[in-house]
Amino acid sequence: TAPATPAPELQAVGPPSAPAPTRAEGVRVTTRAGTATIRWFEIYLGQLGVERIDTARSIGKGFRGMPAFALGTDSALEFDLHGEWIAGLAGGEVRLQGGFVFRTPTQAFDLRDLGLRVRPGLDPRIDFVDSKGRSFVYGDKLMYELVDQGRSFRIRSMDLNMGEALAHGLGVPELAGATIGEMHWLAGIVDAPAFAW
């Protein structure tokens, strides 16, 4: 998908949802649980003052050796199917179990146990939201597909970008929206439609 529309992250982000599809538009499908792998561009972050990135509760190495994390069993991502093709993300929230802490000489940014909230639309984005509703990081430019004969949903590429809250915290507000990492995601589909694969 295309880059997401810029939006302020300094205030709390609520969980939106797209209208249900009509019969002609397809069917809404939900994922449950899953795993995610995340890689940060550490050299670039180091130039912005992040001296260390601590990893918490990784379940091992995932895609291309990146740290992998479980998604909570109550996690649910909604997307619309038109035949065998994904028409777009519709909403939902996924809970990342574990995560990272960005440490600078004077402060720390806690990116553990974040809620990943979908902002649907033509240019969808996924906000990584902390317990106070702040989004320090968001994902866009999603490349997604059905795998495992239609029983699983995979995001095989998603850019992770610096939100306004993180950019202001690091003293570089002009760099809000800069790409600082990438994410991959795999989750099973609840009641997956039967296709003739």
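The values are calculated or read from the model by the stated rules, or taken from the named source; none is laboratory data. Quantities reported herein were computed from a predicted structural model and do not represent experimental measurements. Here the Cβ positions follow ideal geometry from the backbone for every residue, glycine too, while neighbour counts run over all protein chains shown. The protein model used for the area step is the full one, side chains on, heavy atoms only, and it has no ligands, DNA or RNA in it. Shrake-Rupley method; radii C 1.70, N 1.55, O 1.52, S 1.80 Å.
Each residue of the stretch 161-166 was assigned a 3J(HN,Hα) from its phi angle through the Karplus curve 6.51 cos²θ - 1.76 cosθ + 1.60 (θ = phi - 60°); the sequence is 10, 7, x, 4, 4, 5 Hz, with glycine and proline shown as x. Quick one: with all protein chains in place, what share of the accessible area of the chain is carbon or sulfur, to the nearest percent (1.4 Å probe)? Answer for the chain: carbon and sulfur cover 51 percent of the accessible area. Surface analysis of the chain yields an accessible area of 49 Å² per residue, using protein heavy atoms and a 1.4 Å probe. Using Cβ point charges alone (K and R +1, D and E -1), the dipole size of the chain about the Cα centre works out to roughly 380 debye. Using θ = phi - 60° in the Karplus curve 6.51 cos²θ - 1.76 cosθ + 1.60, the 3J(HN,Hα) couplings for the stretch 98-108 round to x, x, 9, 10, 8, 10, 10, x, 10, 7, 9 Hz; x is entered for Gly and Pro.
Net charge of the neighbourhood of Ile53, taken over other residues with C-beta under 11 Å away and scored Lys/Arg +1, Asp/Glu -1, is 0.
Let me have the relative contact order for the chain, percent, based on Cα pairs under 8 Å that are six or more residues apart. Averaging sequence separation for qualifying contacts and normalising by length gives 25 percent for the chain. Across the stretch 133-144, coupling constants 3J(HN,Hα) worked out from phi with the 6.51/-1.76/1.60 Karplus curve, θ = phi - 60°, read x, 8, 10, 7, 9, 9, x, 8, 6, 6, 10, 10 Hz, and Gly and Pro carry x. Sorting the segments 51-57, 174-180, 35-41 by their mean number of nearby beta carbons within 10 angstrom, highest to lowest, gives 35-41, 174-180, 51-57.
For the chain, dividing the convex hull volume of the Cα atoms by the residue count gives 112 Å³ per residue.
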